[in-house]
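Each remark here refers to the structure printed beneath this line.
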Amino acid sequence: MHFDIAYLPGDGIGPEICAEAARVLRAVESKFGHQFSLHEGLIGGAAIDATGVALTDETFNMARGCDAILFGAVGGPKWDDIGGKVPSNRGLFRLRKELQLYANLRIVKMLPPLVDSTPLKRETVEGVDLILIRELIGGLYFAEPRRQWTDAEGRKAMDTMAYSEAEIARVVRAGFEVARTRRKKLTSADKSNVLHTSSLWRKVADEVWREYPDVELQHMFVDACALELMRNPRSFDVLVMDNTFGDILSDEASVLAGSLGMIPSASLSGAPGGRTFGLYEPIHGTAPSLAGKDIANPLATILSAALLLRYSLGLTGEATAIEEAVVTVLEQGYRTADIAEKGKTIIGTREMGERVATMVAGGAAA
């Protein structure tokens, strides 16, 4: 089968980690007989330097016309002042908003070989397998007005947090749909004792729940949820929350999987099922200090490519092959620096990608 994939590596370590995901996709081609056409485009700081904008209309239209998007990361000190003319994240925000990629699934799973790679106790992290669903195109990051100004009292700034009933209902419904395919438990995190948006969120979640009587719904204040994620993470199955809370909690939850470099994500235009258009990326940033040194962990990006195969291309077996290959390479004792353990072999970005690709293709890594 032939598929078109928009390939947007971005800035910092983005090109390095995306190159390894592409290498693994080529191994899937060889093993399973598919053809993946990767259509490369500039985004973020790289696009600003080349074109003056963070995402050109040409690149946007190319991405919209593909079956899915594989994305690296954008940003860096050169472009990241939001008071500047062209913030580097505006290209990514445009993709999310205009393509209506409202449901961001962040997969937090402790792979057995990494159970001793975190600062948390083995009995806390062993068996962790949860999904955080972050509403991605509303709330503080998108609502207006938002500005900085100076008056007689000094410098001031304002951001607006706003949600509509429809925006809440569709992402909560995605949460229920995902939970229905797993352990049938959905936790909705909010701050309804303080925020009007969270009060509405809780009311709408209860209303949507009527459509899913087979799924347990648990409401939890976001601060209590943050604590419980560290104390008893296995009590969670699927969590759903607004844009800001999802950004923060998913980064916190990365320690449950060993590293930010182990967390893949899928930003979808609908609830998973069949073939849903999406953008796939690791949840970490550009890590400018690591760029060009062949030390970044590509596994989150490689696992994001597996999600791309599963959710947007409908290639479940191929996705599983990638995920199993990652586990096998880790079982063989290979690690990048962020998940280093005593007695394990530390390897670089390229070698990790090569080893996973070799396993996918059916061979044994040298």
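The values are calculated or read from the model by the stated rules, or taken from the named source; none is laboratory data. Please read these numbers as outputs of a predicted model, since none were measured by experiment. Glycine also receives a Cβ, built like all others from the backbone with ideal geometry; neighbour counts cover every protein chain displayed. With ligands, DNA and RNA removed, areas are computed over all heavy atoms of the protein, side chains included. Shrake-Rupley method; radii C 1.70, N 1.55, O 1.52, S 1.80 Å.
Points to keep in mind about this one:
- Taking the range 247-282 as the range and being among the polar types (S, T, N, Q), within 26 Å of residue 127 (Cβ to Cβ) and at pLDDT 95 or above as the test, only 265 passes.
- Residue match in the range 80-99 (condition: more than 14 Å from the chain's Cα centre (by Cα), among the small types (Gly, Ala, Ser), at pLDDT 95 or above and open to solvent by 20 Å² or more (accessible area, probe 1.4 Å)): no
- Test: residue 102 is among the hydroxyl-bearing types (Ser, Thr, Tyr), more than 23 Å from residue 227 (Cβ to Cβ) and under 14 Å from the mean Cα position of the chain (by Cα): yes
- Residues within the range 282-320 that are farther than 17 Å from residue 7 by Cβ, assigned to a helix (DSSP H, G or I) and of a type in the set (Val, Ile, Thr), tallied: 2
- Single residue of the range 202-217 satisfying the filter (out of contact with any Leu (no Cβ under 8 Å at 6 or more places or on another chain) and either small (Gly, Ala, Ser) or in a helix (DSSP H, G or I) (or both)) that is surrounded by the most Cβ atoms within 10 Å (Cβ to Cβ): 204
- The range 218-243, residues that are surrounded by fewer than 19 Cβ atoms within 10 Å (Cβ to Cβ) and either part of a strand (DSSP E or B) or hydroxyl-bearing (Ser, Thr, Tyr) (or both): 218, 219, 220, 221, 235
- Scan of the range 140-175 for residues that are in contact with a Pro (Cβ under 9 Å, 6 or more places away or on another chain), open to solvent by 50 Å² or more (accessible area, probe 1.4 Å) and among the hydrophobic types (A, V, I, L, M, F, W, C), ordered by number: 158
- Residue in the range 67-87 that is outside any loop (DSSP other than H, G, I, E, B) and among the basic types (Lys, Arg) present: no
- Test result for residue 57, charged (D, E, K, R), surrounded by fewer than 19 Cβ atoms within 10 Å (Cβ to Cβ) and at pLDDT 95 or above: yes
- One residue from 137, 107 being open to solvent by less than 10 Å² (accessible area, probe 1.4 Å), outside any helix (DSSP H, G or I) and not basic (Lys, Arg): 137
- Matching option when the condition is open to solvent by 30 Å² or more (accessible area, probe 1.4 Å), in contact with a Cys (Cβ under 8 Å, 6 or more places away or on another chain) and either on the phi < 0 side of the Ramachandran plot or not hydroxyl-bearing (Ser, Thr, Tyr) (or both), among 39, 2: 39
- Contact map, the range 146-171: first residue closer than 24 Å to residue 267 by Cα and among the small types (Gly, Ala, Ser), second residue outside any helix (DSSP H, G or I) and open to solvent by less than 60 Å² (accessible area, probe 1.4 Å), Cβ cut-off under 6 Å, separation 6 or more or different chains; pairs are 162/143.
- Close contacts from the range 106-128, counting a first residue that is closer than 18 Å to residue 336 by Cα and a second that is of a type in the set (D, E, K, R) and open to solvent by less than 20 Å² (accessible area, probe 1.4 Å), with Cβ to Cβ under 8 Å and a gap of 6+ residues or different chains, come to 117/335.
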